[in-house]
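Chemist: Quick one: the structure is below, and I'll ask about it shortly.
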Amino acid sequence: MATFTKPENLNGAELKQELAAINIEVNSIQDNLDGTISFETDEETLAADIVSKHNGTIIAPDNSANKAALLSKLGITADEAKLLLS
């Protein structure tokens with residue numbers, strides 16, 4: 001079991017995906033409740049690099065629907081808004 005400093009914005013599912021991208025398969029991540037996390041790996045150095053760079057959900061949610069609704073309330077289209085902002 002390898003132990004790492006717990007990322008400030010931990011997203012376990014996303015961290016597993018980030019690790020899998022470099023061929024480190026992790027079944028479960030344990031929060032040790034002391035500022036660290038642990039999981040089974042034979043690649044502790046590679047895993048430490050990924051864990052240290054992890055920042056929770058890095059894929060921004062798509063707010064297109066919210067933006068379209070707001071523009072509609074203002075009575076303008078997305079193209080009109082782009083024209084105003086250019």
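Please treat every number below as a calculation from the coordinates, not as lab data. Every value quoted in this text rests on a predicted model; they were computed, and no experiment measured them. In this analysis, Cβ positions are derived from the backbone assuming ideal geometry, glycine residues included, and neighbour counts consider all displayed protein chains.
Chemist: Are there GluC sites (Glu not before Pro) in the chain that DSSP puts in a loop and that have at most 16 other Cβ atoms within 10 Å, and which ones?
Modeler: In loop regions of the chain (DSSP not H, G, I, E or B), the sparsely surrounded GluC sites (Glu not before Pro) are E8, E25, E40, E43.
Chemist: Across the chain, how many lysine pairs, 8 or more positions apart or on different chains, have C-alpha atoms separated by under 30 Å? Please give the number.
Modeler: So the count works out to 5.
Chemist: Quick one, which of (i) 58, 26, 21; (ii) 46, 24, 21; (iii) 47, 20, 17 is the actual Cα extents along the principal axes in Å calculated for this model?
Modeler: Recomputing Cα extents along the principal axes in Å here picks out (i).
Chemist: Still on this structure, I have one more. Which of A20, A69, A47 moves most in a GNM of the chain, Cα contacts under 10 Å?
Modeler: A69
Chemist: List the relative contact order of the chain as a percent without decimals, with contacts defined as Cα pairs under 8 Å and 6+ residues apart.
Modeler: Contact order relative to length: 33 percent.
Chemist: Turning to a different aspect of this structure: In a GNM of the chain with a 10 Å cut-off on Cα contacts, which of L46, L74, L19 has the highest mean-square fluctuation?
Modeler: Top of the fluctuation ranking is L74.
Chemist: If you place +1 on the Cβ of every Lys and Arg and -1 on the Cβ of every Asp and Glu, how big does the dipole about the Cα centre of region 17-86 come out, in debye to the nearest 20?
Modeler: 780
Chemist: Extension gain D79-N32, at 0.36 nm per residue separation less the Cα-Cα distance, in nm?
Modeler: Length gained between D79 and N32: 11.9 nm.
Chemist: Sticking with this structure for a sec: When the chain is modelled as a GNM with alpha-carbon springs shorter than 10 Å, which of I24, I50, I76 fluctuates the most?
Modeler: Result: I76 has the largest fluctuation of those listed.
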